[in-house]
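The values are calculated or read from the model by the stated rules, or taken from the named source; none is laboratory data. Not measured: the values here are computed from a predicted model. Using ideal geometry, Cβ is built from the backbone for each residue, glycine included, and neighbour counts are taken over all protein chains shown. To get the accessible areas, we keep the full protein, side chains included, count just its heavy atoms, and leave off ligands, DNA and RNA. Shrake-Rupley method; radii C 1.70, N 1.55, O 1.52, S 1.80 Å.
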Amino acid sequence: MQPKQTIIHLPVYQPGKPIEAVKRELGLSEVIKLASNENPFGCSPKAKEAIVAELETASLYPDGGAIELTAALAEHFGVQPNQIIFGAGSDDVILMIARAYLVQGDETVMATHTFPQYKHNCEIEGAVCIEVPLQDGKHDLPAMLAKISDKTKIVWVCNPNNPTGTVVAKAELEEFLQQVPSSVLVVLDEAYIEYCSSPELSDGIEVISRYKNVITLRTFSKIYGLASLRIGYGVGHPDVIHAINQVREPFNTNRFAQAAAKAAVKDQDFIAYCREQNAKGIAYLTGEFKRLGLDYFPAYGNFIMVDVSRPAKEVFDSLLRKGLIVRGGHALGYPTKIRVTIGSAEQNAKFIAALEQVLQEVAVQA
Ligand SMILES: *Cc1c(COP(=O)(O)O)cnc(C)c1O
């Protein structure tokens with residue numbers, strides 16, 4: 001037997017180590033995970049209540065079309081229900097987009113370094129991935145535009161970008177979208193947008209009202225704090241949503257996720273609280289990085305990429321021994337940087353204390 005040619009080179013996804021495993025292996029009683037951009041404040045209490053209430057119907061298939069959740073989100077954003085598609089995380093929506101739009105030999109344009117799932121899913125479909133280097137950690141939209149050819153089907157823009165945390169300015173994005181051919185789908189991944197909503201930044205929901213060839217991706221995994229339930233969504237033109245729906249698995253989102261997400265959308269006070277705490281965390285961490293003489297990319301999500309001027313793997317390992325899990329840049333294309341999730345005030349302070357020790361222990365990169 002032979003699996004299909006397009007997957008032979010693909011690695012199996014390596015998740016970060018779970019907290020429990022790190023505790024056991026290193027004999028630590030306290031471990032803080034700031035590696036996966038999870039919400040340190042959990043989720044809305046209303047979402048928890050909704051999950052519990054749903055236990056009664058665990059034996060029944062969920063509503064495949066997620067009708068009630070769709071209605072709640074459509075109202076929240078002021079769009080039509082046929083403009084929304086749900087996935088088991090926005091990862092699933094990325095997979096469905098690749099499946100719906102790409103065949104062998106098509107081209108697709110994306111940044112490097114950015115969220116790895118774009119490339120992963122496009123390669124499975126046999127598409128040719130054209131990767132355009134970031135400039136100062138930011139998408140180089142003019143260079144990406146220049147790579148669009150007659151074969152291009154999809155362009156991926158991650159805003160804010162993971163792993164760098166940077167955003168493209170509203171005017172830059174606008175100029176780019178005006179020039180992208182209407183036959184090319186632009187995927188605007190806004191997994192962290194709720195952390196940085198500001199009039200100076202573009203808002204995908206507004207963008208999709210003017211561009212039929214743009215779909216914005218959002219998720220309940222980040223600011224909504226529901227990562228374990230696996231629910232995310234795309235908002236775009238009804239024709240695009242229809243095409244993606246054609247490849248969607250019948251019951252791709254579960255009852256608990258749908259119920260929790262519906263309750264969570266209605267609790268915007270919780271979201272405002274998390275956004276505020278996150279902004280305080282960014283202010284604290286950047287202040288500390290300055291004190292320590294470390295450069296960093298401007299952070300617009302719930303994580304920050306900082307240059308530790310030392311081999312990232314060594315800094316990662318030393319932090320781990322002190323009970324702090326971060327993402328080492330060595331695995332993300334940044335050999336002297338680490339990406340750290342903004343935690344609670346207490347977690348942030350513990351991270352800085354540990355980092356300060358580590359900077360003394362690990363030699364500066366020559
Ligand atoms: C976390 C993340 C996602 C997907 O998260 P899901 O849990 O699958 O919804 C998508 N894009 C980016 C950039 C992310 O960081």
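Using a 1.4 Å probe, what is the accessible area per residue for the range 45-267, in Å²?
42
Return the long-range amide H neighbours of Ile325 (sequence gap of 5 or more, or a different chain), with a cut-off of under 5 Å between placed amide H atoms.
The list, which skips near neighbours in sequence, is Ile32, Lys33, Leu34.
What order, most packed first, do the peptides 75-81, 347-353 have when packing is the mean number of other Cβ atoms within 10 Å of each residue?
Those peptides, ordered most packed to least, come out 347-353, 75-81.
Taking a ≥ b ≥ c as the square roots of the Cα gyration tensor eigenvalues, with a/c under 1.5 meaning rounded and otherwise prolate when a/b beats b/c, else oblate, which class fits the range 325-366?
Cα axes put the range 325-366 in the oblate bin.
What does the C-alpha gyration tensor say about the overall shape of the range 20-140? Classify as rounded when a/c is under 1.5, otherwise prolate if a/b is larger than b/c, or oblate.
oblate
Report relative contact order for the range 288-345 in percent, whole number only (criteria: Cα-Cα under 8 Å, sequence separation at least 6).
Relative contact order of the range 288-345: 33 percent.
Tell me, what is the percent relative contact order of the range 45-267, built from C-alpha pairs under 8 Å that lie six or more residues apart?
Relative contact order, the range 45-267: 30 percent.
Taking every DSSP beta bridge that has both residues in the chain, what percent is antiparallel when rounded to the nearest 5?
Here the share of antiparallel DSSP bridges comes out near 45 percent.
Considering the Cα positions of the chain, please state its Rg to one decimal place and its Dmax as a whole number of Å.
Just the Cα atoms of the chain yield Rg and Dmax of 20.6, 61 Å.
Nearest 500 deg cm²/dmol is fine: what mean residue ellipticity at 222 nm does the chain get from its DSSP H runs of n ≥ 4 alone, each adding -39,500 (n - 2.57), divided by its residue count?
Calculated from helices alone, the mean residue ellipticity at 222 nm is -12000 deg cm²/dmol.
How much of the accessible area of the range 220-309, probe 1.4 Å, is carbon plus sulfur, in whole percent?
52
Report ³J(HN,Hα) in whole Hz for each residue of the range 17-29, in order, from the Karplus equation J = 6.51 cos²θ - 1.76 cosθ + 1.60 where θ = phi - 60°; Gly and Pro get x.
Calculated HN-Hα couplings, in order: 5, x, 3, 4, 5, 5, 4, 5, 5, 9, x, 9, 8 Hz.
Need the list of lysines near Lys48 for cross-linking: C-alpha distance under 30 angstrom, and skip anything on the same chain fewer than eight residues off.
Leaving aside lysines fewer than 8 places away in the same chain, those within reach of Lys48 are Lys17, Lys23, Lys33, Lys222, Lys262, Lys266, Lys280, Lys350.
Extending each Cα 7 Å along its Cβ direction at Gln357 and Ala331, get the distance between those two points in nm, one decimal.
2.2
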